[in-house]
1. Restricting to DSSP loop positions (anything but H, G, I, E, B) with no more than 12 other Cβ atoms inside 10 Å of their own Cβ, which GluC sites (Glu not before Pro) remain in region A:208-291?
2. Modelled label-to-label distance, A:Lys698 and A:Met475, 7 Å Cα→beta-carbon offset: nm?
3. Would you work out the relative contact order for chain A, in percent, from Cα pairs under 8 angstrom that are 6 or more residues apart?
4. Any chance you could give the angle, 0 to 90 degrees and rounded to 10, that helix A:682-692 forms with the longest Cα principal axis of chain A?
5. How big is the gap, in Å, between the Cα center of region B:48-86 and the Cα center of region A:592-626?
6. More than 17 Å apart: what percent of Cα pairs in region A:270-347 qualify?
7. Give the span of region A:26-154's Cα atoms along each principal axis, as three whole-Å numbers ordered largest to smallest.
8. How much of the pair distance distribution for region A:544-646 lies past 21 Å, counting alpha-carbon pairs only, in percent?
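The values are calculated or read from the model by the stated rules, or taken from the named source; none is laboratory data. Worth saying up front: this structure is predicted, and the values here are computed from it rather than measured. Don't worry about glycine lacking a Cβ; one is built from the backbone with ideal geometry, like all the others, and counts go over all protein chains shown. For accessibility, only protein heavy atoms count, side chains too; no ligands or nucleic acids. Shrake-Rupley method; radii C 1.70, N 1.55, O 1.52, S 1.80 Å.
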Amino acid sequence: MASNQASVKSTKLSVKNFKPKVRLPDAGKEEWWNQLREAVRAIHNRCPISYNREDLHKAVGHMCTHSLSPRLYNELKIQCEEYTKASLHQLIDDFMDEMAYLIKLNSLWKDHCNQMIMIRGIYLTLDRTYVMQNPLVLSLWDMGLELFRKFIVSEQTVEKKTIDGLLSLISRERNGETINKSLIKSLLRMLSELQMYQYHFENKFLQVTESLYATEGQNFSQSLEIPDYLSFVDKRIKEESERCLHYLEHSTKKPLLTSVEKQLIEYRKEMIINKGKTELLDTNRLDKLKLMYSLLARVNGGLDELCKRFSLYIQERGTSMVMDTERDKTMVTELLDFKSKLDSVIELSFDHNPKFINTEKDSFETFINRRTNKPAELIAKYIDMKLRAGNKEATDEELDKILDKIMVMFRFIQGKDVFEAFYKKDLAKRLLVGRSASVDAEMSMLLKLKQECGAGFTSKLEGMFKDIEHSKELMPHYKQYLNNQKIGHNLDMTVNVLMTSNWPTYHPMDVILPEYMISYQKHFQQFYLSKHSGRKLQWISTLGHCVVAANFPLGKKDIVVSLLQTLVLLQFNKEDEISFLDLKQRTGIDDADMRRTLQSLACGKVRVLHKKPKGKEVEDNDVFAYVSDFKHKQFHIKINQVQMKETLEENINTTERVFQDRQYQIDAAIVRIMKTRKTLSHALLVTAVYEQLKFPIKPSDLKKRIESLIERDYMERDEDDAYQYHYVA
Amino acid sequence: MKVTIQKWIGVASWKWQVNDDNCGICRMPFDSCCPECKLPGDDCTIVWGECSHCFHVHCILKWLQSQNYQDQTCPMCRQSWKFKTH
Ligand SMILES: [Zn+2]
Ligand SMILES: [Zn+2]
Ligand SMILES: [Zn+2]
């Protein structure tokens with residue numbers, strides 16, 4: 001600005017003195033020296049210059065062309081040096097407080113700059129000729145800076161007072177005081193112009209910063225709760241960034257922030273994560289977790305450590321969900337909730353980081369398989385619950401979303417055969433006894449399983465649906481067939497014909513049916529075998545059910561009952577009171593099923609039989625009578641829910657069959673491997689078997705299977721080396 | 001009380017009435033289908049010969065096609081092959 005104004009003035013002046021006569025008498029020379037000296041003195045003393053600037057320029061120009069430049073330069077330098085010394089001397093001795101001192105220094109600096117600009121304006125030609133031609137000579141501006149710097153550096157008290165003053169201002173700001181930012185900015189610019197910023201200021205500033213945050217990190221990470229500590233760190237980092245924006249040099253930003261991050265985060269990261277993560281994750285404080293993530297992302301290894309701890313957290317919480325048998329009833333729901341909670345933590349707080357996504361997956365897989373079989377079983381049952389008719393909590397679309405979520409859990413399970421067995425058992429009941437919530441949902445679930453595990457996994461499940469479909473198609477033909485037969489009774493009989501190998505195994509029970517039912521069965525058998533030769537049929541009495549009309553003294557009811565319940569109720573057509581043992585004998589129902597059936601008729605929600613004596617368990621000496629005053633507000637009543645329930649035997653059998661099947665699969669795998677490799681060491685054989693099989697096997701079990709195959713002559717031990725096997729063709 | 005059955009939804013399961021577990025041609029169990037098929041049962045039935053050997057229908061048809069038209073024999077017993085009609 002100042003130099004600009006000067007040049008504008010000189011242009012004006014040159015217009016006044018248009019076409020001056022160029023006369024340079026030697027006599028004028030000494031006068032010029034004096035005039036220039038006077039002008040500089042006037043500038044230093046902030047007085048008006050009494051000479052025409054145009055003349056001063058001309059004088060400088062003339063001297064420069066007459067090789068007087070070195071002298072001109074030196075005289076100016078000496079004059080400036082004397083002035084600077086005298087002027088800056090005010091900084092010494094003078095008893096000023098810190099603030100007054102800094103303000104004084106700043107005003108001296110501002111004056112110096114202004115004065116140098118004005119001087120340079122006059123001596124422009126010197127700068128443009130002499131200085132330009134001599135690389136070792138400082139420009140007038142730099143010469144001025146050099147004089148200023150020399151003074152400050154040579155006077156230790158001045159330098160110390162300056163740096164200390166600046167640091168103390170910053171420290172006051174860090175303590176929350178409002179400070180004069182433009183003062184500090186101007187002084188730091190000064191240091192930077194004087195080449196003193198880095199060496200004299202920045203190093204010391206960073207030292208002070210480091211020791212401040214080392215102390216704060218040490219103290220606050222312990223005294224503050226982690227969420228508060230995180231906010232504190234965040235605030236500090238923001239403040240320091242602003243400091244860089246407001247007055248620090250750009251070069252300071254990186255080392256400054258690194259130092260803060262090191263002291264407050266990196267050195268405290270274990271502490272932050274250990275103390276913080278469990279509480280934050282448990283209470284789902286997404287904002288604080290996000291802050292933790294973003295702070296740790298700033299330092300070396302911060303996210304690695306967080307990821308490691310995240311994994312441990314998942315495994316710890318997950319393991320307790322899975323291992324605690326008391327929580328089996330809610331295990332799947334808890335797992336689903338846990339998963340979706342963690343998903344949203346990753347999405348909202350952990351920046352959707354793929355590393356965390358994978359860690360979550362791996363951790364789930366680890367803990368869920370810590371308990372063998374049970375999670376698979378419970379996942380299957382959870383799906384059954386959702387797919388059963390009467391589950392009105394969801395539309396098809398919502399149901400599909402739930403199924404997708406449960407598939408994620410399913411993916412983690414290593415023993416998928418356990419899942420399949422339980423899924424199949426429940427599907428059978430949905431298809432045969434109850435109804436499905438939605439055929440679409442069933443098909444969609446089947447497709448999901450197929451996509452996940454391949455067609456081999458679902459072919460039997462698909463076969464089950466096919467069987468039901470085929471049976472439906474068969475029924476009209478059967479009805480037609482019946483019309484041509486002469487049967488006294490008028491019973492509406494429908495049959496589901498299952499291909500045995502598609503379905504779970506059911507134990508056969510020869511129940512005693514009334515004559516006319518037997519004749520219906522025989523007719524069906526004849527009809528079926530005439531259509532499908534080469535097959536044999538077996539009736540599964542535990543899966544059948546009936547709709548019966550019951551004439552109670554107080555009214556007629558339609559009741560849906562299991563076949564076993566039907567057989568029991570039919571006994572009461574002839575007698576009013578029958579003992580447990582008689583009922584068993586007359587119906588041929590086995591003991592456990594009989595107890596369950598009677599329980600469902602006499603101890604359930606809807607009771608059509610009295611049990612004498614009363615009680616929840618059916619005892620051998622119990623006697624049963626029909627409820628003569630039976631009342632119910634509905635005409636249609638369903639009491640065959642007992643068929644949908646899983647019995648303990650069923651549960652044990654299902655698991656047992658999976659284990660048997662695994663043994664066959666292990667045997668088959670060993671034989672297959674030995675057949676191709678002929679001779680193999682124990683270790684290599686075991687590795688190959690593990691590669692082929694998809695379920696967990698204990699090494700001891702595998703040993704047993706090998707022993708068994710040796711016994712059965714599928715393979716033999718090497719005569720010299722007990723750990724070497726040969727295939728026996 | 002008088003109870004009358006109005007509707008009966010019965011359940012029966014069927015198996016092939018076979019002496020062997022596996023098809024003599026493709027070696028697959030009769031409970032599964034032949035290698036060409038996906039689902040066992042109605043889609044891949046089993047047929048019997050007069051000699052009382054049985055095979056997946058697809059397996060025996062393929063076998064017969066590969067045979068001389070005049071001289072079609074059972075792959076198990078080499079007797080001349082005739083489908084058994086029950
Ligand atoms: Zn075959
Ligand atoms: Zn086939
Ligand atoms: Zn034959």
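1. A:Glu225
2. 4.8 nm
3. Rounded, it is 6 percent for chain A.
4. For helix A:682-692, the angle is close to 90 degrees.
5. Region B:48-86 and region A:592-626 have Cα centres separated by 58 Å.
6. Of the Cα pairs, 47 percent sit more than 17 Å apart.
7. 53, 34, 18
8. I get 26 percent for the Cα pairs in region A:544-646 exceeding 21 Å.
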